[in-house]
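Input: a single structure, listed below in structure tokens.
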Amino acid sequence: MSSAAVPPKPRKLLNAGLWLAQALVFAGFVIIGCIKLFKPIPELAAMWPWTGQFPEAMVRGLGAIDIAGGVGVLLPALTRIKPGLTVPAALGCVLLQLCAAGFHASRGELAATPVNAVFLALALFILWGRRMQPVMPR
């Protein structure tokens, strides 16, 4: 179904839901990314044991990837500068959450996977929704 066939009120609700999802993914990914990027590894390892078992460069790199994903799902659409980047950023967030859930499950850290599931659902919604109802560039 094309976005032109969607009646105005549902389109407004979809758009509002998409903006909310984008803001939540932005906030979550940027906060978690900053924690991985800037918190000392011993403090990180007390929170998330895996961070003390892998090279620091990997942990910091994952933090940067988290931040890039969060920024990518919101800022292009919000500024209307290259808003088409929102969809590939959402796809990247989907893939990142699938990998993170698989990683945690392989380590027996199933308690960590509900967070991945929430962010996965939000990123999938953004991926689907912004393909259906894209933000137009300036």
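Counting only helices (runs of 4 or more DSSP H) that sit completely within region 1-105, those holding 1 or more residues that are under 21 Å from M136 (Cα atoms), under 17 Å from the mean Cα position of the chain (by Cα) and without any contact (Cβ under 8 Å) to a residue 40 or more places away in the chain correspond to 8-38, 56-79. Residues that are charged (D, E, K, R) and surrounded by fewer than 18 Cβ atoms within 10 Å (Cβ to Cβ) within region 47-88 comprise E56, R60, R80, K82, listed in sequence order.
Coordinate-derived values only; no laboratory data. Quick caveat: nothing in here was measured; it's all calculated off a predicted structure. A quick note on method: Cβ atoms are made from the backbone with ideal geometry, for glycine too, and the neighbour counts reach across all protein chains shown.
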